[in-house]
Amino acid sequence: MHENHNALGVVLGHKPTQPVTLVRPHAAHRAARYFIEKFPGTSMYAVKANPSPELIRALGQAGITHFDVASIAEVRLVRALLPAAVLCFMHPVKGAEAIAEAYHMHGVRTFSLDSLSELDKIVEATSSDGVAAADLTLCVRLRVSSSHSKLSLASKFGIAAEESGPLLMAARQAADALGICFHVGSQAMSPQAYADALALVRTAIVGAGVTVDVVDVGGGFPSIYPGMEPGALDGYFDVIGRGFEALPVSYSAELWCEPGRALSAEYASVLVRVEARKDDVLYINDGAYGALFDAAHVAWRFPVKLVRETESHTRTMGFSFYGPTCDDMDFMRGPFDLPADIAAGDYIEVGMLGAYGSAMRTGFNGFTAGETVLATDAPMDTAYDDAEVSPSKVIAIR
């Protein structure tokens, strides 16, 4: 991976014909230090947001020691990169073989679940010679509202708080440590999302009458995108901290969170080339089957800027994009605001693609990722401008 200061340096030096991913480890380091120093508990990275080995190593170097893994492939990946990391298998529905391998071969001791059948599966898969494991941390996932978030995660997983009593009691019997977890949805625009969810945690604990050792508030911590400008993350942490302190939990209970987007969004951007222009539609060489999946399928608006040696002084206008494949669904409505004189051959940097950008990329129609370049400039936007965090690197795990 070679280094360049910014996207313009890449354009001037290489005139790339394929999309170029620009990665900024310093941005991931800053985000990680912010969570480590300010969140009132343990922060674990949700690997699904971006499983890039370089990013995982950078987060480990910054001090992230816990990782939320959702598949056996993610378990193997992080264990190989960071042998001392704590891995938490937080997918509520897992294959028995994946559970067994994670527990017996990779040292995973934390599992989430939302049903009695999943509990039975975990207990059986982690047993040895008919003897049940005595070192499990089992986190029962509650179903909570996603009404404050841009992307819902409220329908697929989770048990209703008022119905969770039998499951919590059964998990308590099987667990060394009992946890409750939830996910308020992706890009939560208000701290109230966590306050509401923690109220449901209280309902579940009181209803079941169990001792809870872990409360995991999941992910959902927002980044900044056009039209999506949430308040400072400190406000989220304050609400979560107060809500946790008010819960009837064990005196030594731990508070966890699972940021994915918030730790990775600023890590990467993608440089694309305009192949053609038709009125207010630009045909670019990345799209719905590449790093811009969310721009196409959930109408996510990413920040964009024209990358040209000579600055444009024309007015801006809203454009839509077509990606490079032959599929009509390879379309990103936008609007993406760019100078009105943009033309074929120009380059565009699309920012905040460290989260769910490279992770969603396919090779459909033969269009694949181009080069990855280490960039030293600032990300196109940041939630951490005023973050007072340690500038030094912390080599926490290897």
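The values are calculated or read from the model by the stated rules, or taken from the named source; none is laboratory data. Everything numeric in this text was worked out from a predicted model, so none of it was measured. With ideal geometry, Cβ positions are generated from the backbone for all residues, glycine too; neighbour counts draw on all protein chains shown.
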Enumerate the pairs (first residue in the range 356-377 and assigned to a loop (DSSP other than H, G, I, E, B); second residue anywhere and buried (at least 16 other Cβ atoms within 10 Å of the Cβ) and of a type in the set (Lys, Arg)) with beta-carbon separation below 7 Å, excluding pairs fewer than 6 apart on the same chain, so at least 6 apart or on different chains. ALA369/ARG361
I'd like to check something: does the range 326-341 contain any residue that is touching a Pro at 6+ places or on another chain (Cβ under 8 Å) and assigned to a helix (DSSP H, G or I)? no
Output the number of residues of the range 1-58 satisfying the condition of being of a type in the set (Gly, Ala, Ser), assigned by TED's automatic domain parsing to the domain that holds GLU311 and surrounded by fewer than 22 Cβ atoms within 10 Å (Cβ to Cβ). 2
Where ARG202 falls short, out of the listed (1) touching a strand residue (DSSP E or B) at 6+ places or on another chain (Cβ under 8 Å); (2) closer than 15 Å to GLY243 by Cβ: (1)
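Return yes or no: is MET329 within 27 Å of SER52 (Cα to Cα) and surrounded by fewer than 16 Cβ atoms within 10 Å (Cβ to Cβ)?
Details: within 27 Å of SER52 (Cα to Cα): yes; surrounded by fewer than 16 Cβ atoms within 10 Å (Cβ to Cβ): yes.
Answer is yes for this residue.
Okay, residues lined up against (1) at pLDDT below 95; (2) of a type in the set (Phe, Trp, Tyr); (3) in the same structural domain as GLU371 (by TED's automatic domain parsing):
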| position | (1), (2), (3) |
| --- | --- |
| VAL201 | no, no, no |
| ALA204 | no, no, no |
| PHE221 | no, yes, no |
| GLU254 | no, no, no |
| VAL307 | no, no, yes |
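When you check VAL93 against the structure, is it touching a helix residue (DSSP H, G or I) at 6+ places or on another chain (Cβ under 7 Å), surrounded by 22 or more Cβ atoms within 10 Å (Cβ to Cβ), hydrophobic (A, V, I, L, M, F, W, C) and farther than 18 Å from THR376 by Cα, yes or no? I'd like the intermediate steps shown before the answer.
Details: touching a helix residue (DSSP H, G or I) at 6+ places or on another chain (Cβ under 7 Å): yes; surrounded by 22 or more Cβ atoms within 10 Å (Cβ to Cβ): no; hydrophobic (A, V, I, L, M, F, W, C): yes; farther than 18 Å from THR376 by Cα: yes.
In short, no.
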Matching residues, the range 303-316, being farther than 16 Å from ARG273 by Cα and in contact with a Leu (Cβ under 7 Å, 6 or more places away or on another chain): SER312, THR316
The one condition in (1) in a strand (DSSP E or B); (2) free of Cβ contacts under 8 Å to residues at least 40 places away in the same chain that GLU349 fails to fulfil: (2)
If you go through the range 117-142, how many residues are within 10 Å of TYR103 (Cα to Cα) and without any contact (Cβ under 8 Å) to a residue 24 or more places away in the chain? 1
